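A short reminder: the numbers here are calculations on the coordinates, not readings from a lab. Bear in mind the structure is a predicted one, so any value in this text is a computation, not a measurement. Glycine also receives a Cβ, built like all others from the backbone with ideal geometry; neighbour counts cover every protein chain displayed.
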Amino acid sequence: MRLVTIVLGVSLLLGVPTAPTHAQQPDSTQLKKFQRANGFLRADQPERALPLLEDLYTDAPQNTAFYRKLKQTYESIKRYDDALQLVDDRIDSAPTVSLLAEKARLLYQKGEVDAANDTWDRAVALAPSRPQTYRTVYNVLAEVRHFRKAIAVLREGRDALNRPGAFRTELAQLYGLDGQFEAAMQEYVALLSEAPGRLNYVRNQLQTFVEQGQGLEASIQVLQQTVQETPLNEAYRELLAWLYTERDDYAAAFDEYRALDRLGERQGQILFRFAQQAADAQRYGVATRACEAIQEQHPASTVAPKAQKLLGDFYRRWARQGADSTSTAEDSARYARARAAYKSFLQNNPQHSDHPEALLRLGTLEIDVYRALDQAQEALDQLVSNYSDTEAADEGQYHRGRIAVLRDSLDRARLLFSRLAASAQSSDFADLAQYELALLHFYRGQFDAAMARATSISENPSADVANDAIELKTLLQEARGPDSSDTALRTFARARLSQRQRAHGPALSMLDTLLQQHPRHPLADDARFRQGDLHLARGDTAAALTAFRAVPERHPRSPYADRSLFRAAALLEASGRPGAAAQAFRRLLTEYPASLLTGDARGRLRTLRHSQG
Amino acid sequence: MRFRSVLLTAVVLAVGLLSAPSATAQDLLIPMDAQQENHLKAYGAVYATLQEEQTVDWLLNYRGGSFLTEASETVREELQVRGVSFTTVSAGQASKIIAEVEADGSNKSVVPLEKAPEIAVYAPEGAVPWDDAVRLALEYAEVPHDVIYDEEVLNGDLASYDWLHLHHEDFTGQFGKFIRYRNEPWYIQKQNKAEAAAKKFGFRKVSQLKRAVAQRFKQYVSQGGFLFSMCSGTETFDIALAAHQTDIVPEEYDGDPVDPDALEQLDFANTLAFRDFSPNLNAREYEHSNIDVGPPPPKMRDPSLDYFTLFEFSAKWDPVPSMLTQNHVATVRGFVGQTTAFNKDVLKEDVVVLGEAPDRPQVRYIHGAHGQGTFTFYSGHDPEDYQHFVGDPPTDLSLHPQSPGYRLILNNILFPAAKKKKQKT
């Protein structure tokens, strides 16, 4: 309390003007009265504070502290006329810009907008050649959010002062708040031409209204025009490029970044950064163009090798992303470009740190896309022998094992997977190798050994392959017999190996044999479902449809029944038989209401209903 | 007011008695008890059936408020596609069900639903459905609706709609009292848009615009409209109506102070549901008034302990509140919002309490009549997100297809579909 008293006393003393006639040092009585008034105001009792403040003001009208507090109190209870009278008294004795601006504010609060505007004009007219005049009036106008008038005052100030660059940031902000986005952008453009280093400031300011579609479009239009007129200004282009990415227009942003790279002689560095940004947003078309531009225009730059490797990555991801939505030809072309990019990178940059990663990617492409096992083997052998201590080498070793399986070299596969299981740096690959070893036992009919390995993996639920191991374990538990040599399961295991090796014909005939010899075996439903898949892989949709339809007919309670029905329905839909497809989807909903595929079936039914009108 | 309520009850009751449904060759029964796999989609399917001009009987208190309608291939397919459980019943079985429902002494009744109501949601442009539980429910249940805002309301478009939901609007003109976000782009944008809209319609302040809109809504109800609102859309609506002769908006929001005698000038005769409440005049405090009792204290804010119970009404004598409380459970999990629960002490006398928190002087779900229409207020933000914060991800209703809390919202959209006929004299 003592501190408050001292501060209050000092402020009251400061409030005493130098003019001697009315000036009085606030005596202790006034000080106490003022403190009491303040106490009432803090207690939200303005009606009790008011008589005290009025007395104080009558005693010392030139005391600024008394004047302000009284005016503030009148305002708080909306006695605007009384507050205005106080201001008018001061204006009568010595009009100033701030007093007139204050009077205008009170008139505005009172609802007399026209009178307020006139008074603000009077304030400006009082000292039109001083920049501070416009700032004072602008501050008051911004405080009451009277943006249009504030804009008019600042523009008037520019003209009167003959300084077209005055109040740049204030006007830009006001235009933005008032929804005049083009005008705002024009101010920012002018600001950047005077101070290109303020790009980040401008970007921060724009962030508020780029979230409004209208603001974004207007800003882009202004900047496009500006860039056209001053194509060498980097700040404009950078801002425009950023706005394009905010609009998700990466193609347009690419043009700007390419120009920026050229203007700044950055040797592809800006393009490289942009390529990564575009790829993160899954705009692979633009990302690959940016990488290709680096190769063409800056083949000797430091980022060129990395861009070459990324080019392969981006084409590969693009092909994979488009697998469901684009044509096979397009995907093939993308894979081909990925393959070419990796090969080119490997050939030209043998010492690069990304070399092992590129070998791995090329190797997996050769296996999974091109089924070119020799080429894959070559890349992966090189990876494992030259970069044995890398994680890429572990994965390479795993794929070498896969190649051995595909080539039916099961002994070699066992050797490779065993080594990997023993030496892998990552537990994921060790688990994966263990699972492959279990499968190798399974393919060979060594079911007890397969079971032991599958059990061991499934005991670690955090392993990625735990689910696969559990599935294998369940198969082994349920499908042995009926004879002691497990003939049906052996045939099934061989069929699965053939299927994995893409030997579709032999796999189909093995499954046929199984079904003929053991028509009631627990594996019969799985075998039929797998036959459908194999026919599909061979491109025989009619046979696939027959196989899928057979599952719910012959094995209505099988876990494969709903899946088969769904596949059959999808095949019917794809072959232009919407009526039959809808019937199959409906059957799935009716007969298998608990199926996990019901949501998808409903979705397909909706689409069919819409397409059929 | 009480007379009107009784009259409305009698009208709906008469409907049930006069138009006892006749069982056709085959009917579809859509159970709404625990056997239903997707309660929320069931409402959408019933709505779609009504759109096809096929009547549906709402069997109040029969297996959670089940629906019975004539079996047609279109309806069957609609139900299948939406994943709604149903059973086909023969004419004999349907008659038996109806006889059971209509039997003397059973607290069940049949309400025929005849016409799909025209639905509007009052929400600003750019508002996303997941900001609002009702829009989430309508989107998920696939119930078509229009989104309207101030312009449509002030231009008199309300008359085209049977049912109206108020989005999370702050009718007091304080922008949700989110002053702490005042420097965030979304807040700046919201304030600018609201101020521009106010100016466009000739209002100097946003609070004046919102008050005019609230008055239009009140007029809509008095002329027979069905109004539904949730969370702060309930509380601020009545505050705005009460403050029609004064200024309760602090300077931080509208640039001038609150009227010194604002509290004395509140006009509770102008409100729909609440009386004698005190608006919170502190700009920095998030609460709008003492209508809301607020969330449980932090130490007790436990979703597993927070619940409210639904009142059981006589299906034959009180069909309106019965319709609004149809559910497969008697207790519903509580949920917090800017307006979490209504203070029982400030409820108007003729307001019907539909759901309340046990052993606490607070209610969660209320209903009342005004003129020829009705209003229903439901407190809290999102029945399946106990405490929703700004920027939280939207609730995925496919994970809550049996949500009792959301069912209460959807009961409201079918309630205007109930056939109204004058009682024979």
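With only the Cα atoms considered, chain B has a convex hull volume of 140 Å³ per residue.
Backbone geometry of region B:63-75 corresponds, through the Karplus equation with coefficients 6.51, -1.76 and 1.60 at θ = phi - 60°, to 3J(HN,Hα) couplings of 6, x, x, 6, 10, 10, 8, 5, 6, 10, 5, 4, 5 Hz, x marking Gly and Pro. Remark: relative contact order (chain B) = 21 percent; criterion is Cα-Cα distance under 8 angstrom and separation of 6 or more residues. Anyone know which of B:ALA262, B:ALA369, B:ALA243 comes out most mobile in the 10 Å Cα GNM of chain B? With Cα springs under 10 Å in chain B, the top fluctuation among B:ALA262, B:ALA369, B:ALA243 is at B:ALA262.
Listed here are the pairs A:LYS32/A:LYS110; A:LYS110/B:LYS193; A:LYS110/B:LYS218; B:LYS41/B:LYS348; B:LYS177/B:LYS348; which of them are more than 27 Å apart at the Cα?
Working: A:LYS32/A:LYS110 32 Å; A:LYS110/B:LYS193 23 Å; A:LYS110/B:LYS218 29 Å; B:LYS41/B:LYS348 34 Å; B:LYS177/B:LYS348 25 Å.
Distance filter (> 27 Å) returns A:LYS32/A:LYS110; A:LYS110/B:LYS218; B:LYS41/B:LYS348.
In sequence order, region A:477-492 has phi-based couplings of 6, 8, 10, 7, x, x, 8, 5, 9, 6, 4, 4, 5, 4, 4, 4 Hz under the Karplus curve 6.51 cos²θ - 1.76 cosθ + 1.60, θ = phi - 60°, and Gly or Pro positions carry x. The Kirkwood radius of the protein assembly as shown, taken over pairs of alpha-carbon atoms, gives through the Stokes-Einstein law at 10 °C and 1.306 mPa s a diffusion coefficient of 44 µm² s⁻¹. Amide H contacts for B:LEU354 (H built 1.01 Å from N in the peptide plane; partners 5 or more residues away or on another chain; cut-off under 5 Å): B:TYR365, B:ILE366, B:HIS367. A Cβ-based charge dipole, computed about the Cα centre of region A:169-240 with Lys and Arg at +1 and Asp and Glu at -1, lands at about 180 debye.
With a ≥ b ≥ c the root eigenvalues of the C-alpha gyration tensor of region A:256-328, is it rounded (a/c under 1.5), prolate (a/b larger than b/c) or oblate? Show your work: numbers first, answer last.
Working: a/c = 2.78, a/b = 2.00, b/c = 1.39.
Judged from the Cα gyration tensor, region A:256-328 comes out prolate (a/c at least 1.5, a/b above b/c).
Working note: Karplus 6.51/-1.76/1.60 with θ = phi - 60° gives region A:82-88 the couplings 5, 5, 4, 4, 4, 5, 4 Hz, where Gly and Pro are set to x. Remark: mean inter-chain Cβ contacts per residue of A:195-206 equal 0, using a 10 Å Cβ-Cβ cutoff to other protein chain atoms. In the protein assembly as shown, a dipole from Cβ-located charges (positive for Lys and Arg, negative for Asp and Glu) runs towards its positive end, and of B:ILE30, B:LEU50, B:THR340 it is B:ILE30 whose Cα lies farthest in that direction.
Based only on Cα atoms, what Rg/Rh ratio does region A:344-498 have, Rh being taken as Kirkwood's radius?
Working: Rg = 17.1 Å, Rh = 16.4 Å.
With Rg and the Kirkwood Rh in hand, the quotient comes to 1.04.
Here, P(r) means the percent of Cα pairs in each 10 Å bin from 0 to the largest distance; for chain A it is 3, 11, 13, 14, 13, 10, 9, 9, 9, 6, 2, 0, 0.
Would you calculate the convex hull of the Cα atoms in region A:111-187 and tell me its volume per residue in Å³?
78 Å³
Extent of region A:513-611 along its three principal axes (Cα atoms, max minus min coordinate, largest first): 46, 30, 16 Å. Computed about the Cα centre, the dipole magnitude for the protein assembly as shown is approximately 1360 debye when only Lys and Arg (+1) and Asp and Glu (-1) carry charge, each at its Cβ. Where a ≥ b ≥ c are the square roots of the eigenvalues of the C-alpha gyration tensor, would you call region B:312-377 rounded, which needs a/c under 1.5, or, failing that, prolate if a/b is larger than b/c, or oblate? Oblate shape, in that a/c is at least 1.5 and b/c is the bigger or equal ratio. Straight-line cross-link reach from B:LYS108 at under 21 Å between alpha-carbon atoms covers these lysines, not counting any fewer than eight positions away in the same chain: B:LYS96, B:LYS316, B:LYS419, B:LYS420, B:LYS421.
Spread over its residues, the convex hull of the C-alpha atoms of region A:186-304 is 99 Å³ per residue.
For region B:270-405, a simple Cβ point-charge model (Lys and Arg +1, Asp and Glu -1, everything else neutral) yields a dipole of about 160 debye relative to the Cα centre. Sequence-distant contacts, meaning Cα pairs under 8 Å at least 6 residues apart, place the relative contact order of chain A at 3 percent. Close amide-amide hydrogen proximity is noted between B:PHE67 and B:ILE30, B:MET32, B:LEU59, each under 5 Å apart and 5 or more residues distant or on a separate chain (H modeled in the peptide plane; Pro and chain starts excluded). For chain B, the 222 nm mean residue ellipticity estimated from helices alone, with every DSSP H stretch of n ≥ 4 adding -39500 (n - 2.57) and the total spread over all residues, rounds to -9500 deg cm²/dmol. Within the straight-line cut-off of under 20 Å between alpha carbons, the aspartates and glutamates reachable from A:LYS306 are A:ASP261, A:GLU265, A:ASP280, A:GLU292, A:GLU296, A:ASP354, A:GLU357, A:GLU391, sequence neighbours fewer than 8 places apart in one chain being disregarded.
Rounded if a/c is under 1.5, else prolate if a/b beats b/c, else oblate: with a ≥ b ≥ c from the C-alpha gyration tensor eigenvalues square-rooted, which is region A:406-470? Taking the square roots of the gyration eigenvalues as a ≥ b ≥ c, region A:406-470 is oblate. Using Cα positions and a limit of under 17 Å, work out the aspartates and glutamates in reach of B:LYS199, with same-chain residues fewer than 8 apart set aside. Excluding near neighbours in sequence, the set is A:GLU112, A:ASP114, A:ASP178, B:ASP150, B:GLU151, B:GLU152, B:ASP254, B:ASP256.
Taking each residue as 0.36 nm, the span from A:ASP600 to A:ALA43 lengthens on full extension beyond its C-alpha to C-alpha distance by 194.0 nm.
Taking the inverse of the average 1/r across all pairs of different Cα atoms in region B:169-278, what Kirkwood radius in Å do you get? Present the calculation step by step, with values, prior to reporting the outcome.
Values: mean 1/r = 0.0691 Å⁻¹.
Over region B:169-278, the inverse of the mean reciprocal pair distance is 14.5 Å.
Evaluate the relative contact order of region A:513-611 (contact order divided by residue number), counting alpha-carbon pairs under 8 angstrom at least 6 apart; express in whole percent.
So the answer I get is 17 percent.
What's the Kirkwood radius of region A:456-524 in Å, using all Cα pairs?
Value: 13.1 Å, from the Cα pair sum.
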